[in-house]
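Structure record follows, encoded as C-alpha cells.
The values are calculated or read from the model by the stated rules, or taken from the named source; none is laboratory data. Computed from a predicted model, the values in this text were never measured in an experiment. Cβ placement follows ideal geometry from the backbone for every residue including glycine, while neighbour counts extend to all protein chains displayed. Note: areas computed on protein heavy atoms with side chains; ligands, DNA, RNA excluded. Shrake-Rupley method; radii C 1.70, N 1.55, O 1.52, S 1.80 Å.
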Amino acid sequence: MKRVALHNLGCKVNYYETEVMRQSLRERGFQMVPFDREADIYIVNTCTVTNIADRKSRQILHRAKQCNPDAVVVAVGCYVQTGREAVERDDCIDLAIGNEHKKDIADILEAYLEGRQSVTIQENAGKICEYEEMQLRHTGEHTRAYVKIQDGCNQFCTYCAIPYARGRARSRRAEDVIAEVSGLAREGCREIVLTGIHISSYGIDFDEEAWQGGRSERLLRGMRPEYTGGSKLIDLAEMLHEIPGVERIRLGSLEPRVITEETAGRLAAMSKICPHFHLSLQSGCDATLKRMNRHYTTGEYYQSVEILRKFFDHPAITTDVIVGFPGETEEEFGRTRAFLEKIRFYEMHVFKYSRREGTVAASMPGQLSEQVKTARSSELLELEGRQSVEFRRHYIGREAEVLLEETRELDGKRYLIGHTKDYVKVAVEADCTLPRGEMPKINSLVKVPVRKFMTDEILA
C-alpha cells in the first residue's frame, strides 16, 4: 500500500480540492500520512497568487524530495498552470498536474506508477469552458465544509494572474451543489461555506432559458414556492437554505456590486445566512481602483456596506487591501487609510503588492520599493488590529450563539472553541454546565454569555 502525503497552499478553493483528492486517493486504497512523515508519494496543491506563493510552492516541493529522495513528488494546480517551463525544468518534480485534472488524481497516479517517467498533464487555462465536477462526501472539519460552486474569473484585474491559472468563469450545476451539501449535512456537517474563485459571477454562464425551465428551477420551486427570480447566487443560497441539517450558510468573497437592496433583503430573509460578508476592496482610492481595473468606485462600495448594515444588525464586514500598487502616491495611500477608517471593518487582509510577470501591472510605471510597501502595510495592520478588537467588544455583556469546533487549553484550563455566525471566536469551558443544563461538546450549537477577552482574538 503506497503512502501518500498531501500539502495544501493558498485559497479555500484549493483547500476544497485537496480534500476531494484526499478522499479519492483513500477510496482507491492509498494510505494517507502526515506531510512531515516519510511517504512514497508527496502531493503539493500549489498556489500562484503572488511571487511569494510561487516560491513557497517550490520550497515545499523541494522539501518533500529531501524528506525521501526516492518518493514521487507531484505538483498540482495553479503554479503548474502559470509556471510550466519552470516546473518542467525542476528535477525534484516527477509529475505535474494542472487544475482541470485534480479529479483524476488517483487514475493519473496509478498510470504514472506503472511507467515511472516525468510527465506534465495540463490544459491551456484559456480554453477551459466546462466546470470540473468534483464531489466531496466527507470533510476533515466535521462542523464546517467548504463547498466549491464556481471556478475561474473574467475580471482580469491588472495585478492578478489567477485568470491565466484558472481560466474563465464557469459555474457548477445547482443540483450537484445541492446533492453535495445534502450528503455533507447527513454526515453531520452543520455549516457550509460557499467558495469559488469569483462566486459573484455564479450562474453567468448558465443559459437563462435552461435555468428557468430546467431541473434547477424545478428543484427551487419544490422548495420555495414563492420564488420570484434574481441573482443566481442568491437563488442557490435559497435552495441550500431548505436542506435539513444545514444550520449555517456562509458566503465567500463577494464583489460590492452584488449587494443591492433586493439581494440584501433576500439574504436577510434566510435565518441560516451568516452576517459575515467579505467584500473585496483592494484600495480606498478611486484612481488606484481604476489602475487595478476594479469594476466599482469607493462610493459604490460604501453604499453596499450601508445596505448590509440596514438589513443586518452589526454585520461583520471583512475585506482585502493591497498596498504599494504601482503609482500609489502618499496622497492615494492616505485616501485608502481614511476610507478604511470610515468603513470600520471587522477584519482586513493586508497584502503588499507583488509584481507578477505577464500581468498588466508588472509593466506599469511607478513601481514602489519594498521599504515603502512594508511601511504602508504595517500602518494598515495596526489599524486593522484596533478595528477588529472594537468589533469583538460589541459582544461583551451579550449572549452569543457559538458552533463549537475544537478543544484547546487556555490559562491552564480546557476550553471548547467555536465561532459565532459573524465569525468571532468564543471559548467555552469544557466542563461547564450550559444554561439549559447540558454539557458543551464539539459540533454543537450553544448559547453562552460573553464576559471578557481571553486573548485579542478570543472571547469568553
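Please state the charge dipole magnitude for the chain, taken about the Cα centre, from unit charges on C-beta atoms (+1 on K and R, -1 on D and E), reported in debye and rounded to the nearest 20. Show your work: numbers first, answer last.
Values: 66 positive and 71 negative charges, 141 e Å.
Dipole of the chain, to the nearest 20 debye: 680 debye.
Suppose accessible area is computed on protein heavy atoms with a 1.4 Å probe; arrange Phe35, Phe156 from highest to lowest. Spell out each step's value before the answer.
Numbers: Phe35 40, Phe156 70 Å².
Highest to lowest solvent-accessible surface, that is Phe156, Phe35.
Using a Förster radius of 30 Å, what is the FRET efficiency between Ser182 and Glu262 based on their Cβ-Cβ separation? Nearest 0.05, please. List each step's numbers first, then the result.
Working: r = 27 Å, r/R0 = 0.91.
Result of the calculation: an efficiency of 0.65.
I'd like to compare 392-402, 52-62: which one has the highest average count of other Cβ atoms within 10 Å, and what's the full order after that?
Values: 392-402: 15.5, 52-62: 18.0.
Highest to lowest by the protection proxy: 52-62, 392-402.
Excluding residues on the same chain fewer than 8 positions from Lys342, give the aspartates and glutamates whose Cα lies under 12 Å from its Cα.
Glu306
Quick check: with the 1.4 Å probe, what order do Cys78, Cys432 take by accessible area, largest first?
Numbers: Cys78 10, Cys432 35 Å².
If we order Cys78, Cys432 from most to least accessible, we get Cys432, Cys78.
Would you mind calculating the relative contact order of the range 1-121 from Cα pairs under 8 angstrom and at least 6 residues apart, reporting the percent as a whole number? Show your work: numbers first, answer last.
On the way: 199 pairs, mean separation 29.0, N = 121.
Dividing the mean separation by the residue count of the range 1-121 yields 24 percent.
Glu132: accessible area at probe 1.4 Å, nearest 10 Å²?
Rounded to the nearest 10, the figure is 10 Å².
If the viscosity is 0.692 mPa s and the temperature 37 °C, what Stokes-Einstein diffusion coefficient in µm²/s follows for the chain when Rh is the Kirkwood radius over Cα pairs?
It diffuses with D of about 138 µm²/s by this estimate.
Can you tell me the length gained on complete extension of the stretch Glu130 to Arg393, counting 0.36 nm per residue apart and subtracting the Cα distance? Write out the running numbers ahead of the final one.
Numbers: separation 263, 0.36 × 263 = 94.68 nm, distance 4.58 nm.
Here the answer is 90.1 nm.
Taking the Cα centre of the range 314-421 as origin, work out the dipole magnitude from +1 charges on Lys and Arg Cβ and -1 charges on Asp and Glu Cβ, in debye rounded to 20.
160 debye
Hey, if you put +1 on the Cβ of every Lys and Arg and -1 on every Asp and Glu Cβ in the chain, which of Ile108, Tyr302, Ala5 ends up farthest toward the positive end of that dipole?
The listed residue farthest towards the positive side: Tyr302.
Whole angstrom only: what separates the Cα centroid of the range 1-78 from the Cα centroid of the range 316-333?
33 Å
Could you tell me which of Phe351, Ala338, Gln371 has its Cα farthest along the dipole of the range 333-380 towards the positive end, charges placed at Cβ (Lys, Arg +1; Asp, Glu -1), taken about the Cα centre?
In the range 333-380, that residue is Ala338.
Straight distance only, please: which aspartates and glutamates reach the Cα of Lys232 with their own Cα at less than 17 Å, same-chain residues fewer than 8 apart left out?
Reachable aspartates and glutamates: Asp151, Glu175, Asp176, Asp205, Asp207, Glu208, Glu209, Glu217, Glu242, Glu255, Glu261, Glu262.
Ranked by accessible surface with a 1.4 Å probe, highest first, in what order do Glu332, Glu347, Glu429 come? Could you put the intermediate results ahead of the total?
Details: Glu332 25, Glu347 45, Glu429 70 Å².
Most to least solvent-accessible, the answer reads Glu429, Glu347, Glu332.
Go ahead and collect, in residue order, the members of the range 249-285 whose backbone nitrogen is under 11 Å from a label point 7 Å along the Cα-Cβ direction of Glu401.
It comes to 249, 271-275, nothing else.
Which order, highest average first, do 3-9, 447-453, 100-106, 85-91 follow once you tally other Cβ atoms within 10 Å for each residue and take the mean per peptide?
Working: 3-9: 21.1, 447-453: 14.6, 100-106: 19.0, 85-91: 12.9.
Listed from highest to lowest mean packing, they are 3-9, 100-106, 447-453, 85-91.
Considering the dipole of the chain built from charges on the beta carbon (Lys and Arg +1, Asp and Glu -1) around the Cα centre, which of Leu383, Val321, Ala179 is farthest to its positive end?
Highest projection toward the positive end goes to Leu383.
Using a Förster distance of 41 Å, how high is the FRET efficiency between Ala362 and Asp36, based on the Cβ-Cβ distance and rounded to 0.05? Walk me through the numbers before you get to the answer.
Values: r = 35 Å, r/R0 = 0.86.
After rounding, the FRET efficiency stands at 0.70.
Expressed as a rounded percentage, what relative contact order does the chain have, with Cα pairs under 8 Å and six or more residues apart?
Working: 867 pairs, mean separation 45.3, N = 460.
The normalised contact order for the chain reaches 10 percent.
Report the antiparallel proportion of the DSSP beta bridges in the chain as a percent, rounded to a multiple of 5. Each step should come with its number before you reach the end.
Numbers: 20 of 63 bridges.
Percent antiparallel among DSSP bridges in the chain is about 30.
Which parts of the range 376-415 would a label at Glu330 reach, counting a residue when its backbone N lies under 17 Å from a point 7 Å out along Cα-to-Cβ?
376-380
Counting only protein heavy atoms and using a 1.4 Å probe, what share of the accessible area of the range 269-401 belongs to carbon plus sulfur, as a whole percent? The partial results should precede the final answer.
On the way: 3000 of 5960 Å².
That fraction is 50 percent.
Going through the cross-link list Lys148/Lys413; Lys272/Lys441; Lys103/Lys272; Lys56/Lys352; Lys373/Lys421, which pairs have a Cα-Cα distance over 28 Å in this structure? Each step should come with its number before you reach the end.
Values: Lys148/Lys413 37 Å; Lys272/Lys441 21 Å; Lys103/Lys272 30 Å; Lys56/Lys352 16 Å; Lys373/Lys421 34 Å.
Listed pairs above 28 Å: Lys148/Lys413; Lys103/Lys272; Lys373/Lys421.
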